[in-house]
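Undergrad: Structure in structure tokens, see below.
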Amino acid sequence: MTGPLQLDAETLNACVSCGLCLPHCPTYRVTGREIASPRGRIAAMRAVETNEAPIDDAFRAAMEECVSCRGCEPACPSGVQFGKLMETTRAALPSPRSRVRRGAEWFGYRVVLPRHWLLITCTWLAWLAQRLHLVPARVGLPRLSARSLARGLELPTGGTPDAWLFTGCVMDAWLRDTHRSAARVMGATGARLAQPTNGGACCGALHLHAGREAEARALAERVMQSMPGVAPVVVDSAGCGATMKEYGKLLGSADAHAFSERVRDFSEWLAHQAAPRLRPTGIQVVIQDPCHLRHVQKAHGAVREVLAPAYELLETADDGLCCGAGGAYVVTQPELSRRILDRKVEALRAAGGGADPIVVSANPGCMVQLRGAGIDARHPADLIAEALDE
Amino acid sequence: MCFPRSSDEVAAAVGVARRHGRAFVARGSGTGLAGGATPLDDPVVIVTTQMNRVLEIDPQARVAWVEPGVLNLDLSRAVGHLGLHYAPDPSSQQACTIGGNVGTNAGGPHCLADGVTSAHVLAVDVVLADGTATRLGGLEPDSPGYDLRGCFVGSEGTMGIATRIAVRLTPDPPCVATLLCAFDSVEAAATTVSGIIAAGVLPAALEMMDAPITRAVEDFVGAGYPRDAQAVLLAEVDGLEGGVAEQVDAIAEVARANGATLVRVAADDAERALLWKGRKSAFGAIARIAPDYYLHDAVVPRTKLVEVLRRVYEIADAHEVIVMNVFHAGDGNLHPLLVFDQREPGVWDRVHAAGTEILEACLDAGGVLTGEHGVGIEKRDLMPRMFSPDDLDAQARLRDAFDPDGVANPQKVLPRGSRCGELQRVPEGTWI
Ligand SMILES: Cc1cc2nc3c(=O)[nH]c(=O)nc-3n(C[C@H](O)[C@H](O)[C@H](O)COP(=O)(O)OP(=O)(O)OC[C@H]3O[C@@H](n4cnc5c(N)ncnc54)[C@H](O)[C@@H]3O)c2cc1C
Ligand code: SF4
Ligand code: SF4
């Protein structure tokens with residue numbers, strides 16, 4: 001059976017509709033609607049795939065409301081590969097009717113993201129707008145710093161380092177200081193670092209989630225070429241890391257599989273090095289696990305491991321439910337994204353004992369999202385850099 | 001379909017349904033295994049997922065008032081800091097609602113010692129079929145009059161919709177131990193079950209899984225379940241430290257006497273949690289073996305366990321279908337799972353035939369139709385097998401007293417023809 005969506009029949013059939021994934025789905029949690037749940041989405045895919053239902057606006061909406069957080073995957077005892085189903089489904093959706101939307105998507109995915117200089121230019125414009133108070137706080141754009149933007153990352157480019165620090169696109173434009181922290185901490189272990197030629201630029205994660213598989217593949221090839229050799233590829237953005245770890249699956253080539261094997265989240269890499277000396281700070285921080293770190297990379301344990309010597313760690317009671325950032329999701333589904341965020345903020349505050357806590361999050365998307373809600377969100381690299389006992 | 005946020009909105013939804021001559025069906029998380037929440041004939045579906053607040057917690061009286069859409073596990077979490085929990089723990093507890101638990105009178109592994117949902121529900125505010133609201137039961141130990149609360153719990157939405165529920169909270173035990181025992185045969189495991197009870201130990205939970213299920217859940221959780229065992233028992237005892245140690249020894253002794261190949265006590269909470277996660281994922285994990293399953297929920301006397309299990313495997317063999325067993329062994333609540341791939345031609349007839357025969361075998365051994373999942377549509381047409389026409393008539397009249405027009409979840413639980421004088425006709429069972 002392959003129908004209009006070209007889904008793998010075995011993967012689709014693996015769902016027995018038990019519902020154990022429901023509480024782990026952020027959109028189901030905030031709406032209580034079956035069609036906003038993994039089980040409901042799979043049922044809808046199945047109906048389309050067997051030609052019992054058309055690909056209509058309701059179907060498209062149901063698919064687009066999914067954050068692609070993949071919280072449903074580790075929750076599923078049947079091992080349903082939901083991420084794969086969703087990516088394939090989105091790739092099969094006809095392009096949207098709205099011209100404005102098509103134009104905006106083209107500009108974002110095809111023009112800006114693949115061209116790092118253009119993204120940096122846009123970021124300068126955003127910086128200017130921010131200075132002129134044209135950007136409302138709830139957008140969650142981090143406070144851009146001209147000093148940081150003007151200065152490159154003080155790392156050699158290319159060569160044969162002990163480890164690569166992948167710099168990426170949005171993260172490098174908006175949160176370059178976090179890369180600096182990561183470089184400092186990694187340097188403190190004695191490792192020789194380098195950044196990729198052309199910065200590695202965009203890893204294609206956002207494209208993949210939007211069902212733009214061909215573009216994602218091209219970007220993946222470029223990223224792989226920018227960091228040759230056998231040295232570990234260290235990524236301080238959980239979303240990018242998750243995608244890069246799945247390049248093997250995306251491209252199917254032996255090279256891609258070998259590359260994916262080299263990819264490490266920042267904390268994951270650090271946990272396997274001779275630990276740099278840290279000073280106990282006595283500061284309490286609440287941990288927010290980015291979905292793609294916890295559900296896809298399953299590397300959230302490492303964050304705790306590397307932070308524990310310096311900070312007092314507090315956990316939320318929501319099983320690592322998504323914060324609603326989801327890459328482009330904030331922009332495409334603002335209303336749902338905000339409701340998911342509200343829930344997250346409540347859980348973070350509860351974990352922090354009511355007052356506004358410092359929150360640690362290993363993904364730029366989540367950091368920006370949380371900061372938009374007034375939460376003091378930091379990256380593990382920033383926190384560790386602060387606690388370095390040099 | 002509607003998503004009310006309050007009792008008033010539920011009443012309004014019922015009102016709208018009535019004005020348009022429609023029936024209505026309550027729905028929680030839709031994890032029910034008997035099709036109780038499945039809409040038949042275009043009813044108004046009243047979904048309680050937005051009514052998900054814990055309204056009041058009284059730690060002294062150990063009572064909480066909750067809305068029906070609160071998830072079972074969320075309730076336990078909400079009172080965890082008080083050293084309390086909500087005892088009935090269906091394997092679906094992370095996903096199912098308290099309202100659905102009340103609807104099906106749900107049980108769970110820990111109901112062996114603590115009792116099923118009915119024993120933990122003190123009062124229910126319900127919206128009746130005519131749209132009026134009323135309270136059944138009360139917080140006093142002995143409410144005057146008939147126990148209508150008891151009637152409502154397990155009524156599967158056919159007597160109205162619960163909109164607020166007062167539940168009893170249970171103190172966390174001071175000490176807990178979980179044992180994993182493995183055996184070379186299903187019989188040995190089943191004999192151990194009766195042996196444990198005969199030795200005077202009443203574990204908090206006593207669960208059994210056969211080989212295929214054990215391997216499937218081990219693939220998912222990696223909790224260290226032995227892949228080569230023919231059956232495993234998961235036993236939990238709780239109480240004061242000394243007592244727990246004694247019970248652990250007693251269970252281990254019985255298990256070894258029955259040829260256990262492994263007796264392991266979980267070293268810490270993390271290991272315990274993982275073992276339970278495995279057991280509670282069993283139904284979901286079977287898709288690793290085949291995409292569809294057909295499940296029964298019969299209860300047989302514990303003393304007949306060995307014999308009935310043997311019959312179950314024989315029947316499955318005769319019909320050439322795969323059967324797997326995972327169940328609440330302590331109270332004889334069997335869950336024989338027939339797994340299959342519905343794309344295989346003719347398989348459904350064989351599964352159906354095997355399922356019916358298995359159920360007959362359970363009833364013949366003095367068992368009952370359902371332990372916890374309810375009757376719904378699925379077991380409805382088997383009711384006459386267990387109840388006499390007079391029994392069914394009495395039940396139908398009870399239902400009529402709550403819902404004279406038959407608009408609350410119609411066509412569920414009682415087969416057509418339950419009322420005396422109606423034509424007896426048993427329609428084809430529906431597979432959910
Ligand atoms: C993996 C898995 C494991 C399971 N394990 C167990 C187990 O160990 N023990 C067990 O007992 N069950 C088990 N079940 C079955 C199921 O989870 C329970 O029956 C549960 O109580 C159903 O809750 P729900 O919220 O999903 O209700 P639903 O499925 O939505 O509804 C169930 C029934 O209750 C009625 N109902 C729902 N809400 C209300 C309300 N507010 N007022 C009145 N009636 C209402 C519905 O009309 C329907 O008849 C399991 C199911 C799965 C998928
Ligand atoms: S947990 Fe898995 S099998 Fe169960 S409903 Fe969700 S996706 Fe389907
Ligand atoms: S990926 Fe996330 S949002 Fe999408 S269905 Fe799964 S849990 Fe829900």
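The values are calculated or read from the model by the stated rules, or taken from the named source; none is laboratory data. These figures come from a predicted structure and were not determined experimentally. A quick note on method: Cβ atoms are made from the backbone with ideal geometry, for glycine too, and the neighbour counts reach across all protein chains shown.
Undergrad: Which one of these is away from ligand 2 (no atom under 16 Å from the Cβ), within 30 Å of B:ALA257 (Cα to Cα) and in contact (Cβ under 8 Å) with a residue 40 or more places away in the chain: B:ALA123, B:ALA177, B:ALA162?
TA: The match here is B:ALA177.
Undergrad: Residues of the stretch B:92-120 being closer than 24 Å to B:SER6 by Cβ and within 16 Å of ligand 2 (Cβ to nearest atom), which ones?
TA: B:ALA95, B:CYS96, B:THR97, B:GLY100
Undergrad: Criterion first (in contact with a Leu (Cβ under 6 Å, 6 or more places away or on another chain) and aliphatic (A, V, I, L, M)) does B:ALA166 satisfy it?
TA: Numbers: in contact with a Leu (Cβ under 6 Å, 6 or more places away or on another chain): yes; aliphatic (A, V, I, L, M): yes.
Here the answer is yes, as B:ALA166 does meet what is asked.
Undergrad: Is it true that B:LEU71 is over 16 Å from B:ALA123 (Cα atoms) and more than 10 Å from chain A (Cβ to nearest Cβ)? First the steps, then the outcome.
TA: Working: over 16 Å from B:ALA123 (Cα atoms): yes; more than 10 Å from chain A (Cβ to nearest Cβ): no.
When the stated conditions are applied, B:LEU71 does not pass them.
Undergrad: Answer yes or no as to whether A:GLY320 is surrounded by fewer than 24 Cβ atoms within 10 Å (Cβ to Cβ), assigned by TED's automatic domain parsing to the domain that holds A:ALA381 and either farther than 30 Å from A:GLY108 by Cα or of a type in the set (Lys, Arg) (or both). Step through it out loud before you land on a result.
TA: Numbers: surrounded by fewer than 24 Cβ atoms within 10 Å (Cβ to Cβ): yes; assigned by TED's automatic domain parsing to the domain that holds A:ALA381: yes; either farther than 30 Å from A:GLY108 by Cα or of a type in the set (Lys, Arg) (or both): no.
No; evaluated as a whole, the condition is false for this residue.
Undergrad: A follow-up question, please. Of the residues that sit in the stretch B:92-121 and are of a type outside the set (A, V, I, L, M) and within 15 Å of B:VAL66 (Cα to Cα), which one is surrounded by the fewest Cβ atoms within 10 Å (Cβ to Cβ)? Let's see the steps before the verdict.
TA: We begin by selecting, within the stretch B:92-121, every residue of a type outside the set (A, V, I, L, M); these are B:92-94, B:96-97, B:99-101, B:103-105, B:107-111, B:114-115, B:117-118, B:120.
Still in the running and within 15 Å of B:VAL66 (Cα to Cα): B:96-97, B:99-101, B:103, B:117, B:120.
Values: B:CYS96: 27, B:THR97: 32, B:GLY99: 28, B:GLY100: 31, B:ASN101: 35, B:GLY103: 32, B:THR117: 27, B:HIS120: 22.
Per the stated criteria, the residue is B:HIS120.
Undergrad: Could you tell me whether any residue of the stretch A:61-81 is more than 10 Å from every other protein chain (Cβ to nearest Cβ), surrounded by fewer than 21 Cβ atoms within 10 Å (Cβ to Cβ) and at pLDDT below 90?
TA: So far as the stretch A:61-81 goes, no, none of its residues is more than 10 Å from every other protein chain (Cβ to nearest Cβ), surrounded by fewer than 21 Cβ atoms within 10 Å (Cβ to Cβ) and at pLDDT below 90.
Undergrad: Please work out which residue is surrounded by the fewest Cβ atoms within 10 Å (Cβ to Cβ), limiting yourself to the stretch B:28-68 and to residues that are farther than 16 Å from A:GLY32 by Cβ and within 11 Å of chain A (Cβ to nearest Cβ).
TA: Among residues in the stretch B:28-68 that are farther than 16 Å from A:GLY32 by Cβ and within 11 Å of chain A (Cβ to nearest Cβ), the one surrounded by the fewest Cβ atoms within 10 Å (Cβ to Cβ) is B:LEU33.
Undergrad: Are any of the residues in the stretch B:78-91 within 16 Å of ligand 2 (Cβ to nearest atom) and buried (at least 24 other Cβ atoms within 10 Å of the Cβ)?
TA: At the first step, the residues of the stretch B:78-91 found to be within 16 Å of ligand 2 (Cβ to nearest atom) are B:90-91.
From what is left, the residues that are buried (at least 24 other Cβ atoms within 10 Å of the Cβ) are B:90-91.
So far as the stretch B:78-91 goes, yes, one or more of its residues are within 16 Å of ligand 2 (Cβ to nearest atom) and buried (at least 24 other Cβ atoms within 10 Å of the Cβ).
Undergrad: Looking at this structure, is B:GLY157 touching a strand residue (DSSP E or B) at 6+ places or on another chain (Cβ under 6 Å) and at pLDDT below 95? Even if it seems obvious, please write down each step before you answer.
TA: On the way: touching a strand residue (DSSP E or B) at 6+ places or on another chain (Cβ under 6 Å): yes; at pLDDT below 95: yes.
It is true that B:GLY157 is touching a strand residue (DSSP E or B) at 6+ places or on another chain (Cβ under 6 Å) and at pLDDT below 95.
Undergrad: Let me ask you something else. On the basis of being farther than 30 Å from B:SER76 by Cα and more than 16 Å from the chain's Cα centre (by Cα), does A:ASP318 make the cut?
TA: So A:ASP318 does not fit the description; no.
Undergrad: Something else: Just wondering, is there one or more residues in the stretch B:328-336 that are in contact with a Pro (Cβ under 8 Å, 6 or more places away or on another chain) and either surrounded by fewer than 19 Cβ atoms within 10 Å (Cβ to Cβ) or in contact (Cβ under 8 Å) with a residue 40 or more places away in the chain (or both)?
TA: As a first pass, look at the stretch B:328-336 and keep what is in contact with a Pro (Cβ under 8 Å, 6 or more places away or on another chain): B:328, B:330, B:332.
From what is left, the residues that are either surrounded by fewer than 19 Cβ atoms within 10 Å (Cβ to Cβ) or in contact (Cβ under 8 Å) with a residue 40 or more places away in the chain (or both) are B:328, B:330.
Yes: one or more hits.
Undergrad: Among A:GLY168, A:GLY187, A:GLY158, which is the only one that is out of contact with any Leu (no Cβ under 6 Å at 6 or more places or on another chain) and free of Cβ contacts under 8 Å to residues at least 24 places away in the same chain? Don't jump to the end; show me each part of the working.
TA: Working: A:GLY168 fails: free of Cβ contacts under 8 Å to residues at least 24 places away in the same chain; A:GLY158 fails: free of Cβ contacts under 8 Å to residues at least 24 places away in the same chain.
The match here is A:GLY187.
Undergrad: Any residue at all in the stretch B:224-247 that is within 11 Å of chain A (Cβ to nearest Cβ) and not hydroxyl-bearing (Ser, Thr, Tyr)?
TA: There is no residue in the stretch B:224-247 that is within 11 Å of chain A (Cβ to nearest Cβ) and not hydroxyl-bearing (Ser, Thr, Tyr).
Undergrad: Quick one: would you say B:ARG272 is crowded, with 16+ Cβ neighbours inside 10 Å, closer than 25 Å to B:ALA223 by Cα, at pLDDT 90 or above and among the basic types (Lys, Arg)? It would help to see each step written out before you state the result.
TA: Details: crowded, with 16+ Cβ neighbours inside 10 Å: yes; closer than 25 Å to B:ALA223 by Cα: yes; at pLDDT 90 or above: yes; among the basic types (Lys, Arg): yes.
Yes, satisfied.
Undergrad: Here is a further query. Give A:ALA183, A:ALA220 a once-over and let me know the one that is assigned to a helix (DSSP H, G or I) and over 23 Å from A:VAL368 (Cα atoms).
TA: Answer to the check: A:ALA220.
Undergrad: Let me ask another. Please go through the stretch B:395-415 and give me each residue that is among the basic types (Lys, Arg) and not in a helix (DSSP H, G or I), ordered by number.
TA: B:LYS412
Undergrad: Specify which of the listed residues (B:GLY259, B:GLY278, B:GLY243, B:GLY284) is surrounded by fewer than 23 Cβ atoms within 10 Å (Cβ to Cβ) and outside any loop (DSSP other than H, G, I, E, B).
TA: Unique residue meeting the criteria: B:GLY243.
Undergrad: Go through (1) more than 21 Å from the chain's Cα centre (by Cα); (2) surrounded by fewer than 19 Cβ atoms within 10 Å (Cβ to Cβ); (3) within 21 Å of B:THR191 (Cβ to Cβ) one by one and return the number of the condition B:PRO301 breaks.
TA: Here B:PRO301 meets the rest and fails (1).
Undergrad: May I pose another question? Could you count how many residues in the stretch B:1-43 are under 17 Å from the mean Cα position of the chain (by Cα) and not in a loop (DSSP other than H, G, I, E, B)?
TA: Counting residues in the stretch B:1-43 that are under 17 Å from the mean Cα position of the chain (by Cα) and not in a loop (DSSP other than H, G, I, E, B) gives 1.
Undergrad: Being farther than 20 Å from B:ALA287 by Cα, facing chain B (nearest Cβ under 8 Å), of a type in the set (Gly, Ala, Ser) and within 15 Å of ligand 1 (Cβ to nearest atom), is that true of even one residue in the stretch A:17-40?
TA: Yes.
Undergrad: In this structure, is A:CYS291 touching a residue at least 40 places away in the same chain (Cβ under 8 Å) and more than 17 Å from A:TRP164 (Cα to Cα)?
TA: So A:CYS291 passes the test.
Undergrad: Continuing with the same structure: Tell me yes or no: at least one residue of the stretch B:268-288 is over 19 Å from B:GLY200 (Cα atoms), in contact (Cβ under 8 Å) with a residue 60 or more places away in the chain and out of contact with any Ser or Thr (no Cβ under 9 Å at 6 or more places or on another chain).
TA: The answer is no; no qualifying residue exists.
Undergrad: Working only within the stretch A:12-44, note down all residues that are within 11 Å of ligand 2 (Cβ to nearest atom) and closer than 16 Å to A:SER68 by Cβ.
TA: The answer is A:CYS21, A:HIS24, A:CYS25, A:TYR28, A:SER37, A:PRO38, A:GLY40, A:ARG41, A:ILE42.
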